[in-house]
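Accompanying notes for the structure given below.
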Amino acid sequence: MVARLPVEQQLAAFREVLGRNETLVEVLNRAAALGLPGWYLTAGCLFQTVWNVVTGRASAQGIRDYDVFYYDGSDLGWAAEDEVIRRGRTLFGDLPVEIRNEARVHLWYEDHFGVPCPPYPSSEAAIDSFAATTCCLGVRLEPAQCV
């Protein structure tokens, strides 16, 4: 059982499982090319890949989209985020990827979900705030890294 292994071995097993999802790997490689500050691939695509592999399903089964978060507090206007989203559409045109600036979430969250959301100080803080702990994961490639 992986949960009883030392953390380094758990991380190696996690990387190996994620590597089985070719779409996820492609999203990671392309997202790294965007050069976004504080970016992560996060949420359902990660835990669903693990669940799929553990239960013997195809690694990408049931994954509707791949969420890329980044954090840029230098411009909280919609136009700046929209420019990144447009760049992403060009880069990910053949893949179901959603890109969001977590520095802006507090500006629209209450209108969308009906409850207020304090400003996040980082992408990591946004990921930590997910309601379901199985979603509280984020992965990214470091510069010069490739999966």
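The values are calculated or read from the model by the stated rules, or taken from the named source; none is laboratory data. These figures come from a predicted structure and were not determined experimentally. Heads up, the Cβs are rebuilt from the backbone with ideal geometry, glycines too, and the neighbour counts pull from every protein chain shown.
Some observations on this one:
- Residue check, ARG30 loosely packed, with under 13 Cβ neighbours inside 10 Å, modelled with pLDDT of 95 or more and within 22 Å of VAL139 (Cβ to Cβ): no
- In segment 51-65, the residues that are surrounded by fewer than 15 Cβ atoms within 10 Å (Cβ to Cβ), touching a residue at least 12 places away in the same chain (Cβ under 8 Å) and small (Gly, Ala, Ser): GLY62
- Filter result for LEU36 (assigned to a loop (DSSP other than H, G, I, E, B), within 13 Å of the chain's Cα centre (by Cα) and modelled with pLDDT of 95 or more): yes
- Only one entry in TYR109, TYR66 is under 12 Å from the mean Cα position of the chain (by Cα) and aromatic (Phe, Trp, Tyr), namely TYR66.
- Considering (1) within 20 Å of ARG15 (Cβ to Cβ); (2) assigned to a loop (DSSP other than H, G, I, E, B), the lone condition that THR49 does not fulfil carries the number (2).
Residue-by-condition table, conditions (1) in contact (Cβ under 8 Å) with a residue 12 or more places away in the chain; (2) among the β-branched types (Val, Ile, Thr); (3) at positive phi:
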residue: THR23; (1), (2), (3): yes, yes, no
residue: ARG30; (1), (2), (3): yes, no, no
residue: ASP67; (1), (2), (3): yes, no, no
residue: GLU81; (1), (2), (3): yes, no, no
residue: GLY93; (1), (2), (3): no, no, no
residue: GLU98; (1), (2), (3): yes, no, no
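- Test: residue in segment 41-50 that is at positive phi and without any contact (Cβ under 8 Å) to a residue 60 or more places away in the chain: no
- Looking across segment 78-91 at every residue that is within 25 Å of ALA60 (Cα to Cα) and touching an Asp or Glu at 6+ places or on another chain (Cβ under 9 Å), the one that is surrounded by the most Cβ atoms within 10 Å (Cβ to Cβ) is identified as GLY88.
- Set side by side, the residues ASP72, ASP111 differ, and just one is out of contact with any helix residue (DSSP H, G or I) (no Cβ under 7 Å at 6 or more places or on another chain) and either more than 19 Å from GLY138 (Cβ to Cβ) or surrounded by 15 or more Cβ atoms within 10 Å (Cβ to Cβ) (or both), which is ASP111.
- Residue match in segment 7-26 (condition: in a loop (DSSP other than H, G, I, E, B), surrounded by fewer than 19 Cβ atoms within 10 Å (Cβ to Cβ) and at pLDDT below 95): no
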